[in-house]
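This report refers to the structure that appears directly beneath it.
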Number of protein chains: 2
Amino acid sequence: MIQHRSDQEGLRQRKRRETLQRITESALRLFADRGYEATTLDAIADASGISRRTFFYYFKSKEEILAAWQKGLPEAFRAAIMRESPDQSPIDAVRNAHLGLLTHYDAARALIIDRIIRSSDLLRASNQMKYLELERAAFEALCERWPQKTREELRVTAMVSVGALRLAIDAWAEEDGRRPLEDHLAEAFVHLKIK
Amino acid sequence: MIQHRSDQEGLRQRKRRETLQRITESALRLFADRGYEATTLDAIADASGISRRTFFYYFKSKEEILAAWQKGLPEAFRAAIMRESPDQSPIDAVRNAHLGLLTHYDAARALIIDRIIRSSDLLRASNQMKYLELERAAFEALCERWPQKTREELRVTAMVSVGALRLAIDAWAEEDGRRPLEDHLAEAFVHLKIK
DNA sequence: GTGCGATTTTACAATGAGTGTAATTTTGAG
DNA sequence: CTCAAAATTACACTCATTGTAAAATCGCAC
């Protein structure tokens, strides 16, 4: 059998990671310079030293360049909720889960990507889908963690908490991240005194 | 000056309305039959008896065929909120505004369109944008109607109420509209006891 | 280090949405 | 009827995305 070295990284893995990195960096630069829609895949491929066809070997679509950085967020969110104590209210648990995740945030890069996303209707729309996925992850985790609560109530809790996260991120991006995201999140949750 | 007959409908207006109707109907039929993505604009144009180029004289994009039916909803929503008495809480006002608008709903057609929208990622995403527009409309109306409340609180109120509408529509579509949308909406709002 | 199979890259061609342009037809007001 | 505006069309183009198949590269076995 083939011996896989999951700790060591072969030349293949390294080149793949490097190319991925190269595509992401040049695309981000081009998006910031010329705008998302105005940047063609040909331009990205050129800037990354690959052919246009090869681009699709790395990303499913142009959009995915920006989506990739937040892949796995729903799962991390779910796990964070599951780590919370079931003694507190679900809404408090989700707020705490949020705060726990935010410590791993690269604020500078997040702001750059956020600005690009807000510049295009297409990207704004697909970004909303990300919140929907977070909401679903939260809902499922809440149902597991608080089985005595009704699904209807937990669905509303998930909607409300992820909505608060969205409002916090919006406010944070609006002022270019002057105050930390945590502050905005805390503020948004102040007005959520559900049940 | 040119005398415009806004009451009478000229041949031009009638033909335009008829063609619009024809495009919408044949597109909906094709979407329901073959699916949204699998239906090309050529097919829609053929089925509507127009050229592909003419299609774009009626709709900005393929998506817009489905978006058109809910155009003006944000404005109607804003107006409905402004009609509510400022004596009740903002959240109650928005709930009542929702209920008022729902009486004008064509449930059968809404379900057909809803099913198409849920069948495509692209459509689901742009549908989320509609909720965002509703949320903005609600927020602006609330700020006008309850100037003594803070904008932060009203922003959360708008988010929460439109979110409840979304959950209600989801649940309603999930069970193919067996119970009226109003019931689902009332249920969703039960869990919103903000402040 | 050679060879072989798997992975990666590429060229080429095609589909389908959307846009610009300019020509042609239809409508309606005078 | 006559002419300007509105509506329709053909044609050609850009761009994202996908299919196919050939070519290049890698890494393990020998």
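Tabulated data
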{"quantity": "Index of the failed condition, B:Val156 passing every other in (1) facing chain A (nearest Cβ under 10 Å); (2) in contact (Cβ under 8 Å) with a residue 60 or more places away in the chain", "calculated": "(2)"}
{"quantity": "Test: residue in the range B:63-76 that is open to solvent by 100 Å² or more (accessible area, probe 1.4 Å) and without any contact (Cβ under 8 Å) to a residue 60 or more places away in the chain", "calculated": "yes"}
{"quantity": "Residue list for the range B:131-153, filter: farther than 30 Å from B:Tyr36 by Cα, in a helix (DSSP H, G or I) and either away from every other protein chain (no Cβ under 11 Å) or small (Gly, Ala, Ser) (or both)", "calculated": "B:Ala138, B:Glu140, B:Ala141, B:Leu142, B:Cys143, B:Glu144, B:Arg145"}
{"quantity": "Total residues in the range B:44-56, condition within 12 Å of DNA strand C (Cβ to nearest atom) and either within 22 Å of B:Arg109 (Cβ to Cβ) or surrounded by fewer than 13 Cβ atoms within 10 Å (Cβ to Cβ) (or both)", "calculated": "4"}
{"quantity": "Candidate set: the range A:8-26, residues that are among the charged types (D, E, K, R) and within 12 Å of DNA strand D (Cβ to nearest atom); chosen: the one most open to solvent (accessible area, probe 1.4 Å)", "calculated": "A:Arg12"}
{"quantity": "Subset of the range B:44-84 (residues that are within 14 Å of DNA strand D (Cβ to nearest atom), farther than 21 Å from B:Leu122 by Cβ and outside any helix (DSSP H, G or I))", "calculated": "B:Gly49, B:Ile50, B:Ser51"}
{"quantity": "Flag for A:Phe59 being among the hydrophobic types (A, V, I, L, M, F, W, C), away from chain B (no Cβ under 14 Å) and either more than 18 Å from the chain's Cα centre (by Cα) or more than 16 Å from DNA strand C (Cβ to nearest atom) (or both)", "calculated": "no"}
{"quantity": "Candidates A:Arg109, A:Arg17, A:Arg95 - the one that is within 16 Å of DNA strand C (Cβ to nearest atom) and in a helix (DSSP H, G or I)", "calculated": "A:Arg17"}
{"quantity": "Inter-residue pairs, beta-carbon under 6 Å, first within 14 Å of chain B (Cβ to nearest Cβ) and in the range A:101-130, second among the β-branched types (Val, Ile, Thr), 6+ apart", "calculated": "A:Leu123/A:Ile117; A:Asn127/A:Ile117"}
{"quantity": "B:Ala171 part of a helix (DSSP H, G or I), within 11 Å of another protein chain (Cβ to nearest Cβ), without any contact (Cβ under 8 Å) to a residue 60 or more places away in the chain and surrounded by 22 or more Cβ atoms within 10 Å (Cβ to Cβ)", "calculated": "no"}
{"quantity": "Residues (over 10 Å from A:Ile116 (Cα atoms), surrounded by 15 or more Cβ atoms within 10 Å (Cβ to Cβ) and more than 7 Å from DNA strand D (Cβ to nearest atom)) located in the range A:27-43", "calculated": "A:Ala27, A:Leu30, A:Ala43"}
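The values are calculated or read from the model by the stated rules, or taken from the named source; none is laboratory data. Everything numeric in this text was worked out from a predicted model, so none of it was measured. Reconstructed Cβ throughout: ideal geometry from the backbone, glycine too, with neighbour counts over all protein chains shown. Each accessible area value is taken on the protein alone, full model and side chains, heavy atoms only, with ligands, DNA and RNA left out. Shrake-Rupley method; radii C 1.70, N 1.55, O 1.52, S 1.80 Å.
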